[in-house]
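Reading through the structure tokens given below for one structure.
The values are calculated or read from the model by the stated rules, or taken from the named source; none is laboratory data. As the structure is a computational prediction, the values presented were derived from the model and not from experiment. Here Cβ is always computed from backbone atoms with ideal geometry, including for glycine, and neighbour counts include all displayed protein chains.
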């Protein structure tokens with residue numbers, strides 16, 4: 001059993017009776033849980049006390065997000081159920097293949113990550129904090145609005161921190177997973193795991209519920225549906 005499977009447990013992927021629609025098609029959300037577990041990345045993508053390995057936190061977060069998103073009408077799926085760190089180009093190809101094979105669904109890509117300050121795997125870096133969302137350099141209008149809405153709502157929820165956000169309200173970068181995917185796509189950096197205060201929040205039940213609910217609430221806002229089901 002993979003770590004993602006252990007987190008998702010015995011959840012049943014039942015058909016969605018009242019799907020959210022976009023241009024007449026049910027909406028599908030491909031959730032990309034970034035990086036791999038400590039078995040594959042023992043010395044990187046973690047913080048200094050080992051309380052967070054990004055690939056493990058992201059797997060738990062995606063497993064938490066799926067039931068709530070599906071309850072709210074989104075066909076949410078995990079793109080990377082494996083424990084190992086799947087190559088970023090492979091991740092993008094997986095998404096594009098799903099889009100090609102299931103054309104009756106309107107697909108959207110959400111890469112779920114945590115931020116880290118350089119050197120934070122050796123010592124805490126309390127001077128870096130806050131929530132960030134990215135769209136690709138030449139992203140679609142939808143992707144840009146999605147990233148902007150993600151950052152704005154995070155700040156409304158008290159997760160702004162001290163990160164400098166451009167005037168357009170989000171950051172741009174050609175990360176492979178949002179640049180090579182052929183659908184609207186964003187990447188979220190849900191606070192800094194190398195900041196001791198934010199690490200404590202991210203490992204708490206309240207923090208996990210907040211990040212889960214934030215992503216779901218933004219998607220509901222983007223598609224004009226009420227955020228009717230909150231998990232946790």
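Considering each residue of the range 221-228 in turn, at least one proves to be in contact (Cβ under 8 Å) with a residue 60 or more places away in the chain, under 22 Å from residue 11 (Cβ atoms) and touching a helix residue (DSSP H, G or I) at 6+ places or on another chain (Cβ under 6 Å). Among the residues of the range 126-142, is there at least one that is over 24 Å from residue 159 (Cβ atoms) and surrounded by 23 or more Cβ atoms within 10 Å (Cβ to Cβ)? Checked against the condition, which is being over 24 Å from residue 159 (Cβ atoms) and surrounded by 23 or more Cβ atoms within 10 Å (Cβ to Cβ), the range 126-142 yields no hits at all.
Keeping to the range 172-207, report how many residues are more than 16 Å from residue 110 (Cβ to Cβ) and surrounded by fewer than 18 Cβ atoms within 10 Å (Cβ to Cβ).
Initially, the range 172-207 is screened for residues more than 16 Å from residue 110 (Cβ to Cβ), giving 172, 174, 191-207.
Those left that are additionally surrounded by fewer than 18 Cβ atoms within 10 Å (Cβ to Cβ): 172, 174, 196-197, 200-201, 203-207.
The number of residues fulfilling the criteria is 11.
Of 43, 96, which residue is at pLDDT below 95 and out of contact with any strand residue (DSSP E or B) (no Cβ under 7 Å at 6 or more places or on another chain)?
Values: 96 fails: at pLDDT below 95.
Matching residue, one of 43, 96: 43.
For the range 89-102, the criterion of being within 23 Å of residue 12 (Cβ to Cβ), free of Cβ contacts under 8 Å to residues at least 12 places away in the same chain, out of contact with any helix residue (DSSP H, G or I) (no Cβ under 7 Å at 6 or more places or on another chain) and not in a strand (DSSP E or B) is met by at least one residue. Considering only residues that are part of a loop (DSSP other than H, G, I, E, B) and touching a strand residue (DSSP E or B) at 6+ places or on another chain (Cβ under 7 Å), look in the range 1-40 and name the one that is nearest to residue 91 (Cα to Cα). My answer is 34.
With respect to residue 182, determine if the residue is in a loop (DSSP other than H, G, I, E, B), within 20 Å of residue 31 (Cα to Cα) and either touching a strand residue (DSSP E or B) at 6+ places or on another chain (Cβ under 9 Å) or in contact (Cβ under 8 Å) with a residue 40 or more places away in the chain (or both). Step through it out loud before you land on a result.
Values: in a loop (DSSP other than H, G, I, E, B): yes; within 20 Å of residue 31 (Cα to Cα): yes; either touching a strand residue (DSSP E or B) at 6+ places or on another chain (Cβ under 9 Å) or in contact (Cβ under 8 Å) with a residue 40 or more places away in the chain (or both): yes.
Answer is yes for this residue.
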